[in-house]
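S.K.: The following block contains the structure, expressed as structure tokens.
The values are calculated or read from the model by the stated rules, or taken from the named source; none is laboratory data. Note that the structure is a prediction, hence the values are computed from the model and not measured. FYI the Cβ positions are ideal-geometry reconstructions off the backbone, even for glycines, and counts take in every protein chain you see. We work out accessible area using only protein heavy atoms, side chains counted, and drop any ligands, DNA or RNA first. Shrake-Rupley method; radii C 1.70, N 1.55, O 1.52, S 1.80 Å.
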Amino acid sequence: MMTGFRLNLSPLKEPLGFVKLVEWFTAIFAFGCCGGYSGKNVVSVFCGNGTNETLTAAFSYPFRLSQDLLVEGNMTFCNHTAGPTHLVGDSASSAEFFVGVAVVCFLYAMAALLVYLGYMHVYKDSDFGPIVDFVVTATIAFLWLVCSSAWAKGLQNVKDATGDEGIASTLDICTQSDVTCRVTEFANLRSLNISVVFGYLNLCVWAGNAWFVYKETRWHSQKYAGQPVPTRSQVPAPI
């Protein structure tokens, strides 16, 4: 059996290779929209005497909010002193899990495309390759379900912690009767919302791709090879 590299672009014209190319692109968008994000909310502190102060609630990937300062040092607002205050919450585990799965999928899709385009003759002539490909593809589809759901919940936690209620419960002076705290300028979370959408899109793409990979395994071929072929007497006569 020839095992050398033989470039063949025809797999890209078939679902098996084309979907892997789609997976490669969707993985890029998933981790690109989440990893490296940074933003800030502007918080206005309204005093009873008509004056107001502003604070900046800055946060970034991986969203360890408990390490992000809201008030850097002792400051006075509306005749009330506020000490160093951090935001509340930590969504790092879900964000890093999501980005980690996306990076692994990006690398695996690239490696699979290399095999499809250069070693398809080896891939089809062996049982090991398609079976491993199917198991990995099905596992990744499950990981996309888990990490996308976890990151969707983590992103909601970030929104809650940096919103009006989250800031008001974090900053002690906001509980004073003559002080009102409100977020007057919100960070643009569009890319983070898009990352969640791409997470579930990747789930659908990888789950669908698992079927096409399954068709290349011996399990699928044995299933149909074991079915009896109807004899001439079993074929119904034309009406």
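S.K.: Taking only DSSP H segments of four or more residues, each worth -39500 (n - 2.57), what value at 222 nm results for the chain once the sum is divided by all its residues, to the nearest 500 deg cm²/dmol?
M.R.: Calculated from helices alone, the mean residue ellipticity at 222 nm is -18000 deg cm²/dmol.
S.K.: Mean Kyte-Doolittle hydropathy of 0.5 or higher plus an axial Cα length of 30 Å or more: which whole DSSP H helices in the chain meet both?
M.R.: 92-118, 128-161, 190-214
S.K.: If you take every residue apart from Ala210 with its C-beta less than 13 Å away from the C-beta of Ala210, what net charge results, scoring Lys and Arg +1 and Asp and Glu -1? Before the final figure, lay out the partial values.
M.R.: Numbers: positive: Lys20, Lys215; negative: Glu23, Asp133, Glu216.
Surrounding charge for Ala210 is -1.
S.K.: What are the extents of the Cα atoms of the chain along their three principal axes, in Å, largest first?
M.R.: Answer, in whole Å and largest first: 97, 50, 23 Å.
S.K.: So between Lys215 and Asn79, what do we pick up on full extension, going 0.36 nm a residue minus the alpha carbon distance? List each step's numbers first, then the result.
M.R.: Numbers: separation 136, 0.36 × 136 = 48.96 nm, distance 7.18 nm.
Length difference between fully extended and current span is 41.8 nm.
S.K.: Counting heavy atoms of the protein chains only and a 1.4 Å probe, report the per residue accessible area for the chain as a whole number of Å².
M.R.: Result: 55 Å² of accessible area for each residue.
S.K.: Hey, can you rank 143-149, 68-74 by average C-beta count inside 10 Å, highest first?
M.R.: Going by the mean number of other Cβ atoms within 10 Å, highest first, we get 143-149, 68-74.
S.K.: For Met110 and Glu72, what is the calculated FRET efficiency with R₀ set at 41 Å and r taken between the beta-carbons, to the nearest 0.05? Provide the component values of the computation, followed by the final result.
M.R.: Working: r = 43 Å, r/R0 = 1.06.
Here the calculated transfer efficiency is 0.40.
S.K.: Tell me, for the chain, which Cys residues have no other cysteine's C-beta sitting closer than 4.7 Å.
M.R.: Cys33, Cys34, Cys105, Cys147, Cys204
S.K.: A further question follows. Where the only charges are on Cβ atoms (+1 Lys, Arg; -1 Asp, Glu), what is the dipole of the chain about its Cα centre, to the nearest 20 debye?
M.R.: 1340 debye
S.K.: Sort out for me the Cα centre separation of the stretch 144-167 from the stretch 10-51, rounded to whole Å.
M.R.: The stretch 144-167 and the stretch 10-51 have Cα centres separated by 14 Å.
S.K.: Same structure, new question: Treat each spin label as a single point 7 Å out from the Cα along the C-beta direction, and report the His121 to Ser93 distance in nm.
M.R.: In this crude label model, His121 to Ser93 measures out at 5.0 nm.
S.K.: Could you sort out which of Lys20/Lys124; Lys153/Lys215; Lys13/Lys124 sit more than 28 Å apart by Cα distance in this structure?
M.R.: Cα-Cα > 28 Å for Lys153/Lys215; rest within.
S.K.: Right, here's the next one. Quick one: compute the contact order of the stretch 72-132, relative version, from alpha carbon pairs under 8 angstrom and 6+ residues apart, as a percent. It would help to have the intermediate numbers written out before the result.
M.R.: Working: 20 pairs, mean separation 8.7, N = 61.
It comes to 14 percent, rounded to a whole number.
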